[in-house]
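Have a look at the structure below before the remarks.
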Ligand code: FES
């Protein structure tokens, strides 16, 4: 299932936006021409990653600093922790996420 997240112009480079789709929260991040889609809550204590800090290809949770690779969702602090990733794309002037 493909869902519109926002207008393409509303997602600047290095910006994070979150969207609630059914029972799940997804974040999208535009970085250097790519748009990444990830599960929107940290695996540590479920803090929202919508306010996460982007550092290179990593998003850092603002609560306790756990870091996640934007491409794979893998946590760099705890090997067991991995965010689900989603296909994202830009079409017709919007950012879309495919939540299947
Ligand atoms: S809730 Fe994200 S690091 Fe603790």
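Read-outs throughout are calculated quantities, based only on the coordinates presented, and are distinct from any laboratory measurement. The structure displayed is predicted, hence computed values, not measured ones. With ideal geometry, Cβ positions are generated from the backbone for all residues, glycine too; neighbour counts draw on all protein chains shown.
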Looking only at the stretch 38-49, count every residue that is surrounded by 18 or more Cβ atoms within 10 Å (Cβ to Cβ) and part of a loop (DSSP other than H, G, I, E, B) and tell me the total. 4
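Residue 35 - would you say it is more than 12 Å from the ligand (Cβ to nearest atom), in a strand (DSSP E or B) and surrounded by 15 or more Cβ atoms within 10 Å (Cβ to Cβ)? Lay out the reasoning, then the answer.
Working: more than 12 Å from the ligand (Cβ to nearest atom): yes; in a strand (DSSP E or B): yes; surrounded by 15 or more Cβ atoms within 10 Å (Cβ to Cβ): yes.
Against the criterion (more than 12 Å from the ligand (Cβ to nearest atom), in a strand (DSSP E or B) and surrounded by 15 or more Cβ atoms within 10 Å (Cβ to Cβ)), residue 35 qualifies.
Tally the residues that are in contact (Cβ under 8 Å) with a residue 60 or more places away in the chain and more than 25 Å from residue 44 (Cβ to Cβ), restricting the search to the stretch 64-96.
The qualifying residues number 5.
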Any chance residue 14 is more than 21 Å from residue 99 (Cα to Cα), more than 16 Å from the ligand (Cβ to nearest atom) and touching a strand residue (DSSP E or B) at 6+ places or on another chain (Cβ under 6 Å): yes
Would you check which residues across the stretch 80-94 are surrounded by 14 or more Cβ atoms within 10 Å (Cβ to Cβ) and part of a loop (DSSP other than H, G, I, E, B) and list them? 81, 83
Quick check: anything in the stretch 2-11 more than 13 Å from residue 94 (Cα to Cα) and either under 10 Å from the mean Cα position of the chain (by Cα) or surrounded by fewer than 16 Cβ atoms within 10 Å (Cβ to Cβ) (or both)? no
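Would you call residue 52 away from the ligand (no atom under 15 Å from the Cβ), more than 18 Å from residue 3 (Cα to Cα) and out of contact with any helix residue (DSSP H, G or I) (no Cβ under 7 Å at 6 or more places or on another chain)? First the steps, then the outcome.
On the way: away from the ligand (no atom under 15 Å from the Cβ): no; more than 18 Å from residue 3 (Cα to Cα): yes; out of contact with any helix residue (DSSP H, G or I) (no Cβ under 7 Å at 6 or more places or on another chain): yes.
It is false that residue 52 is away from the ligand (no atom under 15 Å from the Cβ), more than 18 Å from residue 3 (Cα to Cα) and out of contact with any helix residue (DSSP H, G or I) (no Cβ under 7 Å at 6 or more places or on another chain).
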Find the residue count for the stretch 61-79, including only residues that are farther than 13 Å from residue 49 by Cα, part of a loop (DSSP other than H, G, I, E, B) and away from the ligand (no atom under 14 Å from the Cβ). 3
